[in-house]
1. Does residue 82 satisfy the condition of being touching a residue at least 40 places away in the same chain (Cβ under 8 Å), in contact with a helix residue (DSSP H, G or I) (Cβ under 8 Å, 6 or more places away or on another chain) and part of a loop (DSSP other than H, G, I, E, B)?
2. Output yes when any residue across the stretch 162-185 is over 17 Å from the mean Cα position of the chain (by Cα) and under 30 Å from residue 325 (Cβ atoms), and no when none is.
3. So, in the stretch 24-50, of the ones that are at pLDDT below 85 and outside any helix (DSSP H, G or I), which residue ends up farthest from residue 234 (Cα to Cα)?
4. Mind listing whichever residues of the stretch 318-349 are modelled with pLDDT of 85 or more and in a loop (DSSP other than H, G, I, E, B)?
5. Could you tell me how many of the residues in the stretch 81-95 are over 19 Å from the mean Cα position of the chain (by Cα) and either under 18 Å from residue 409 (Cα atoms) or buried (at least 24 other Cβ atoms within 10 Å of the Cβ) (or both)?
6. Only residues that are part of a loop (DSSP other than H, G, I, E, B) and crowded, with 16+ Cβ neighbours inside 10 Å: list them for the stretch 245-274, please.
7. From 318, 342, 312, 277, which residue is surrounded by 24 or more Cβ atoms within 10 Å (Cβ to Cβ) and free of Cβ contacts under 8 Å to residues at least 60 places away in the same chain?
8. Could we say that residue 221 is in contact with a helix residue (DSSP H, G or I) (Cβ under 9 Å, 6 or more places away or on another chain) and either in contact (Cβ under 8 Å) with a residue 24 or more places away in the chain or farther than 19 Å from residue 47 by Cβ (or both) here?
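The values are calculated or read from the model by the stated rules, or taken from the named source; none is laboratory data. If you're wondering where the values come from, they're calculated on a predicted model, not measured in any experiment. Don't worry about glycine lacking a Cβ; one is built from the backbone with ideal geometry, like all the others, and counts go over all protein chains shown.
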């Protein structure tokens, strides 16, 4: 049974401004997707596999995976073009209980962990220019979180300006790395054919699964484009175009950047590097490359934080608006027209995660497993929406339905099961962050039912 549509895009007497177009949508998608992953995961992935060929194949396969999911989310977004994204899709098709658990996971592990981890990366690269001790590093990261929280608090238009600027700069920077790799590689040995024995300790299949998890982590963010649908001028046009153009650009940039990395450093050099992009530019153009990449990563990671701030708090707002979270969050600022209290909650918990979990690796490890679970639920929601004929005219439709989304769903299930088998301890910890929301889901859903019953009898 399909459930009742959530409330309209209105709260506390104020509504969101519909100001976002296709360039904004592409900027949000690329700005979130291209964070620190392309700078922090390739060297780790090199340890799981023996040569560049299989690595490139995995990046391209992950690109196909992400592009397919983009087609699915394009249809979901045009069928339900309202603020909240996946929360709306899951709630509409599986009820408020499932919607609450999704929103809980977004706040307590998925989106706030991303902000915390990326803030640490920004602080690390600030450390290239200014010496930071452990305490200063943490304080800098916290300041980054709350700076972008403030930017989003005072208006999505201001945040969108930074998002477009940072997206242009980060795309330009990655293209610069690729261009430098081709223009200045003449005097350097081509190491693409180098080999090294895999170092991972979970066997060939386990190594591939671990590498895929990191690659998918590097792509995450595109799915959040629907979270700001309520602030788009024409979401039925903006969402599919932003997804198709943005994902294509990200996949191509990642493939070319990895090609440059491996061509310059080879397998052994990749594994020895901790700041792979900086090391590549240092080899090709000298020490100036290290400073250039430090600035690039600061822009890239901070743009991803900003993109998350532009999207994720809309989920908490939507939950509260539907009576499934603290009423305090059901608030649109009368002056700035933003979900200001939801943004504050996002910043506070991101800061808490940063203090509790401490390192980028630990924080990032909790993301992908949870995200895959909700990719699966969202894909199931597509089947239910098709069956229920949800949505008005001008809907984008996934090609090769039902075969393409079915294959995608089976791949997700396979990845979840393989990861749970080969890294069961990490998977249990990640799952715990989601499962802890179940008792609260019972409370809020029961409270919502009582409120409805009270209104009916009044």
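1. Considered against the rule, which asks whether it is touching a residue at least 40 places away in the same chain (Cβ under 8 Å), in contact with a helix residue (DSSP H, G or I) (Cβ under 8 Å, 6 or more places away or on another chain) and part of a loop (DSSP other than H, G, I, E, B), residue 82 comes out as yes.
2. Looking for residues that are over 17 Å from the mean Cα position of the chain (by Cα) and under 30 Å from residue 325 (Cβ atoms), one finds at least one in the stretch 162-185, hence yes.
3. Ranking the candidates gives 36 first.
4. 330, 331, 332, 333, 334, 335, 336, 337, 338, 339
5. Result for the stretch 81-95: 4.
6. 273
7. Criteria check complete, one pass: 342.
8. Spelling it out, residue 221 is indeed in contact with a helix residue (DSSP H, G or I) (Cβ under 9 Å, 6 or more places away or on another chain) and either in contact (Cβ under 8 Å) with a residue 24 or more places away in the chain or farther than 19 Å from residue 47 by Cβ (or both).
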